[in-house]
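Reading through the structure tokens given below for one structure.
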Amino acid sequence: MAVDYEQRLDFDRLRGYRLSRARAALQSSECGAFLLFDFYNIRYTTQTWIGGALGDKMTRYALLTRSGGPTLWDFGSAARHYRLYSPWLDPEDCRAGMLGLRGAIAPTAGLMESAVREIKGMLHDAGVAHLPVGVDIVEPPFLFEMQRQGLHVVDAQQLMLDARQIKSSDEIMLLTQAAAMVDGVYQDIVEALKPGIRENEIVALANKRLYDMGSEQVEAINAVSGERCNPHPHNFSDRLIRPGDQAFFDIIHSYNGYRTCYYRTFSVGRATPSQRDAYVKAREWMDAAISVVKPGVGTDEVAAVWPAATDFGFENEMAAFGLQFGHGLGLGLHERPIISRLNSMREPIELQAGMVFALRPIARPATASQPQGSRRRSSSRPTARASSRCSQRRSWLSPTRTERVALSEGSRFMSETTELLTDVPTDLFVGGTWVSAASGGRFDVVDPATGTAIATVADGGVDDAIAAVDAAQAAAPGWAATPPRQRGEILRRAFDLMTDQTESLARLVSLENGKALSDARGEVAYAAEFFRWYSEEAVRAAGSVMTAPSGANRILVVHQPVGICVLVTPWNFPAAMATRKIGPALAAGCTVVLKPASDTPLTALAMARILAEAGVPPGVVNVVPSRSSGAVVSAMLHDPRVRKLSFTGSTEVGRVLLAVAADQVVNTSMELGGNAPFLVFADADLDAALEGAMVAKMRNAGEACTAANRFYVEAGVADEFGRRLAARMAALVVGPGIQDGTQVGPLINEETVSKVDGLVRAAISEGAEAVVGGRRRYGPGFYFEPTVLVNVHPAAAILRAEIFGPVAPVVTFEDEAEAIALANATEYGLVAYVYTGDLARGLRVSESLEYGMVGLNRGLVSDPAAPFGGVKQSGIGREGGHGGMLDYLESKYIAVQW
Ligand code: NAP
């Protein structure tokens, strides 16, 4: 599955993908939380597994809330084990739990009552107590207890199965591996199958071989021979195999959780003509079904190529269910899609890229076979009475020819950047020196254009973070005492150096973040401007003096550096989000520890080197990349020497960090998520509005907190705007960001593509139409097509969630009041855009919008000289402008008399 010289399976990526799909399902539902008992859903969400007889005892359960978790309750010793070996779970979230072992401990013992009470408290803490709780499967007494304690329970199983139906490349790799193991076992069965061996001996042999090969669980092996073949009993016995028998097997096992359902049929001896005919028929049906399978086809169209139940001897489809049959495979044996004439004709579903399923048509039983001798036949020969086969078939969108060309061009550019990558520092920057992580650990940085690792970076831990705080502490008095003019001049040199190195920095940003080189150049210029702006502001930390109203004394106010600052930044602007914090902090006289996003640590490390070159003294700026962000940041925020947290990232993580910062009452600035409305009134200059829309939507492929998330267009011009926007989006060149000419690069990772895909799929299922794009692209890299959705349902999840991808949903409005109401109907409040030809209306609407920033006839608001920030759940505080530096200063009031 893996060697050090090839990128194949990536378990971290797999875990991230699954949890993100579960989260996206939750976010797009009415639920405040999912409470999961189905052990496949628990594995999908928590990435844990308990083997043997304990897994299905309805004792393990997991809670995923909109803002936190997953929290897992399990056998106490297993929970302790997760704390040690499952670092992706917060240790606090691994809890001992016991509900009664499927009723063996009666509900009257109170275990369920206290479990529900605990869950209720957690829902309350997460602020979702008023929303329904989605439950997948549940024991009746537990359900009754939830209802007794006033929880509103709804079904989550449908949402979880929808989430699980699209497989990532890692999941497909595991399914393929599981099937390859069965291929090997079938070869052993061919060699062992002869008169005198019993069905149970074949089962024993297959079990041994599978466990030898690393199977996690051999769930079932059906071994059926001779007269036991028809009707199919779905089991095995001690029957002795005889000359001329047909024998067929179904092997169901899992490799790292991923299952097979893999049939093969053999004849023990020479096949009779009727056996041969049956085999040929089954094969034809299977091939016919495979030829129909492609994205966009309904499951009814696949089922239709198979015979009806009455055509092969069954009274109805219920009686024949399981014979002409297809089913999804994954962590569960029967996932979506389920393809049969029983259900698919009534409720077809559309096949989608990324689904994995088995097809298993079975031919009509032929007349009894005659013994023909005792030579063994492999399955390559036609065979017997109830001939059956099963195929695992992957389906995905093949890259078009053009895309293939673009991808190979990308490799050429990759080789040009080898030099750049070998030059970039990859260790921690602490106290002015480059050091390894105390643990010696490192993690991969992945190029989103190819999905392959391009560098490894030291993985800072808690000890490293505290060492960085030590260094920041040692440097603090000297830096605070450095004359402001001198601090300003160092920042100015950093601006010059960054500007000189624009091209190499832009390539680095593009390589690790994926954004188009043109966007990356724009980001580096914008990022450098924060150094220039704050080089000028460093000398303007003016205080004030006034006479107290009583006349008794003077009120003297001076500004002093707040102290050691922890800076946490996201991956979408790896350069600018760091300089927007480092610039004002250094200007104010603070020392800092920067924890960059683990997807994009290289840019931050490159900038640390620039700052050192510019003359920043050792310890003033420290950079600690880490894969254990929660633990590392929490450790620093609990160190009493740290006085400030400046965070840019998602609202979910912002909420968590506000709570952590509360423990030591640390000063916080929060730049969080957005859900920007883009309003176009009928009197707007439509050409300008389209220009603005393309910038507001497509800068960084839509991965910006300021990205236009919802387009509200006045009825009279909505059709024209939608049509022209679609034409502009369709013309965009998608490809590796590093390649010249690319306008839209890949998204940051698989998890993001899946989230965007999930939102688009959900919108389409609610009636939206993708007039352009609408699909992810399979192949190397994490791509989603530029997309315009029209007829979007006003309550669609895509209008509520931060899309963070190249998707533009368009909704029509009738008048100004409705436009304002729609725009404000969100918990976010970062930025809004308004296009109108009427200045009075523009200002009136701008004032009514509950946002920290408004682009009035502008699709871009970011400016280092302007206060950037949001209201409501988009954040606290402002960055940039003069106020940006005040965020790093404490006011000290001195009462004085003279
Ligand atoms: P994120 O998941 O919130 O991560 C942001 C940073 O926080 C990363 O460095 C991350 O480290 C770290 N982090 C994650 N979980 C943490 C925890 N429990 N404790 C401490 N640190 C933790 O956000 P993202 O996906 O990187 O960035 C996208 C989000 O940022 C979007 O919501 C976007 O709107 C927002 N954003 C806002 C602004 C603004 O100015 N308002 C600007 C840019 C982006 P890891 O990488 O190791 O997870």
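Table: residues versus (1) out of contact with any strand residue (DSSP E or B) (no Cβ under 8 Å at 6 or more places or on another chain); (2) modelled with pLDDT of 85 or more; (3) acidic (Asp, Glu); (4) not in a strand (DSSP E or B).
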residue: Pro233; (1), (2), (3), (4): no, yes, no, yes
residue: Asp250; (1), (2), (3), (4): no, yes, yes, no
residue: His253; (1), (2), (3), (4): no, yes, no, no
residue: Trp306; (1), (2), (3), (4): yes, yes, no, yes
residue: Leu331; (1), (2), (3), (4): no, yes, no, yes
What are the residues in region 461-492 that are under 12 Å from Leu611 (Cα atoms) and under 39 Å from the mean Cα position of the chain (by Cα), if any? Leu491, Arg492
Where a residue in region 864-875 is under 15 Å from Asn675 (Cα atoms) and its partner, wherever it lies, is within 6 Å of the ligand (Cβ to nearest atom) and among the charged types (D, E, K, R), with Cβ under 6 Å and at least six apart: Gly875/Glu671
Looking at Ser626, Ser650 in this structure, which one is among the hydroxyl-bearing types (Ser, Thr, Tyr), near the ligand (Cβ under 9 Å from one of its atoms) and closer than 15 Å to Phe429 by Cβ? Ser626
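May I ask you to say which residue of Ala552, Ala576 is out of contact with any Cys (no Cβ under 9 Å at 6 or more places or on another chain) and modelled with pLDDT under 95?
Details: Ala576 fails: modelled with pLDDT under 95.
None of the other options fit; the residue is Ala552.
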If you take the residues in region 597-621 that are among the small types (Gly, Ala, Ser) and within 16 Å of the ligand (Cβ to nearest atom), which one is farthest from Tyr534 (Cα to Cα)? Ser598
The one condition in (1) more than 26 Å from Asp444 (Cα to Cα); (2) of a type in the set (A, V, I, L, M); (3) within 15 Å of the ligand (Cβ to nearest atom) that Val713 fails to fulfil: (3)
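Would you list the helices (runs of 4 or more DSSP H) that sit entirely within region 1-89 and hold 2 or more residues that are aliphatic (A, V, I, L, M) and closer than 24 Å to Tyr255 by Cα?
In region 1-89, the matching helices (runs of 4 or more DSSP H) lie at 11-27, 76-85.
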Go through the residues of region 521-542 one by one and say whether even a single one is touching a Leu at 6+ places or on another chain (Cβ under 6 Å), closer than 26 Å to Leu637 by Cβ, within 16 Å of the ligand (Cβ to nearest atom) and in contact (Cβ under 8 Å) with a residue 40 or more places away in the chain. no
Test result for Arg878, within 30 Å of Val524 (Cα to Cα), out of contact with any Lys or Arg (no Cβ under 9 Å at 6 or more places or on another chain) and surrounded by fewer than 21 Cβ atoms within 10 Å (Cβ to Cβ): yes
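Every residue, every condition in (1) under 25 Å from Gly805 (Cα atoms); (2) touching a strand residue (DSSP E or B) at 6+ places or on another chain (Cβ under 7 Å), yes or no:
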residue	(1), (2)
Asp599	yes, no
Val621	no, yes
Gly630	no, no
Val633	no, yes
Pro640	no, no
Arg643	no, yes
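Every residue, every condition in (1) of a type outside the set (Phe, Trp, Tyr); (2) out of contact with any His (no Cβ under 7 Å at 6 or more places or on another chain); (3) touching a residue at least 60 places away in the same chain (Cβ under 8 Å), yes or no:
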position: Thr176; (1), (2), (3): yes, yes, yes
position: Ile202; (1), (2), (3): yes, yes, no
position: Ser215; (1), (2), (3): yes, no, no
position: Ala223; (1), (2), (3): yes, yes, no
Odd one out for Gly440, checked against (1) modelled with pLDDT of 95 or more; (2) assigned to a loop (DSSP other than H, G, I, E, B); (3) not hydroxyl-bearing (Ser, Thr, Tyr): (1)
Expected single match for within 30 Å of Asp447 (Cβ to Cβ), of a type outside the set (Gly, Ala, Ser) and crowded, with 23+ Cβ neighbours inside 10 Å among Val653, Val620, Val568 is Val568
In region 232-244, anything in contact (Cβ under 8 Å) with a residue 12 or more places away in the chain and either touching an Asp or Glu at 6+ places or on another chain (Cβ under 9 Å) or over 17 Å from Lys194 (Cα atoms) (or both) is listed as His232, His234, Asn235, Phe236, Ser237, Asp238, Arg239, Leu240, Ile241
Count - residues of region 318-349 that are charged (D, E, K, R) and surrounded by 18 or more Cβ atoms within 10 Å (Cβ to Cβ): 3
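Looking at region 310-329, which of the residues that are among the polar types (S, T, N, Q) and part of a loop (DSSP other than H, G, I, E, B) is farthest from Thr299 (Cα to Cα)?
Among those residues, the one meeting the criterion is Asn316.
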Would you check which residues across region 201-226 are surrounded by 15 or more Cβ atoms within 10 Å (Cβ to Cβ), part of a helix (DSSP H, G or I) and not β-branched (Val, Ile, Thr) and list them? Glu201, Leu205, Ala206, Asn207, Arg209, Leu210, Met213, Gly226
Could you check region 822-846 and list, in sequence order, the residues that are assigned to a strand (DSSP E or B) and either within 16 Å of the ligand (Cβ to nearest atom) or basic (Lys, Arg) (or both)? Val831, Ala832, Tyr833
Filter region 556-580 for residues that are among the hydrophobic types (A, V, I, L, M, F, W, C), near the ligand (Cβ under 8 Å from one of its atoms) and assigned to a loop (DSSP other than H, G, I, E, B) and give the result. Trp571, Phe573
Residue pairs qualifying under the 7 Å Cβ cut-off, at least six apart or on distinct chains, with the first in region 284-301 being free of Cβ contacts under 8 Å to residues at least 60 places away in the same chain and the second being among the small types (Gly, Ala, Ser), are Thr299/Ser344; Asp300/Ser344
Val771 is checked against (1) assigned to a loop (DSSP other than H, G, I, E, B); (2) modelled with pLDDT under 95; (3) among the aliphatic types (A, V, I, L, M) and fails just one. What number does that condition carry? (1)
Can we say Arg276 is part of a helix (DSSP H, G or I), among the charged types (D, E, K, R) and out of contact with any helix residue (DSSP H, G or I) (no Cβ under 8 Å at 6 or more places or on another chain)? yes
For a quick check of your reading of the model, give me the residue pairs whose first member lies in region 792-821 and is outside any helix (DSSP H, G or I) and at pLDDT 95 or above, whose second is of a type in the set (Gly, Ala, Ser) and within 16 Å of the ligand (Cβ to nearest atom), with beta-carbon atoms closer than 6 Å and at least 6 apart or on different chains. Glu802/Gly673; Gly805/Gly702; Pro806/Ala701; Pro806/Gly702
For region 103-126, state whether one or more residues are under 27 Å from Ser629 (Cα atoms), among the small types (Gly, Ala, Ser) and buried (at least 16 other Cβ atoms within 10 Å of the Cβ). yes
Flagged in region 112-162 as under 23 Å from Glu827 (Cβ atoms), under 25 Å from the mean Cα position of the chain (by Cα) and in a helix (DSSP H, G or I), in numbering order, are Met122, Leu123, Asp125, Leu159
Check Leu594, Leu586, Leu658 and return the single one that is within 12 Å of the ligand (Cβ to nearest atom), closer than 22 Å to Pro477 by Cβ and either under 23 Å from the mean Cα position of the chain (by Cα) or aliphatic (A, V, I, L, M) (or both). Leu594
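The values are calculated or read from the model by the stated rules, or taken from the named source; none is laboratory data. Model, not experiment: these values are computed from the prediction. Note that we place each Cβ from the backbone using ideal geometry, even for glycine, and neighbour counts take in every protein chain shown.
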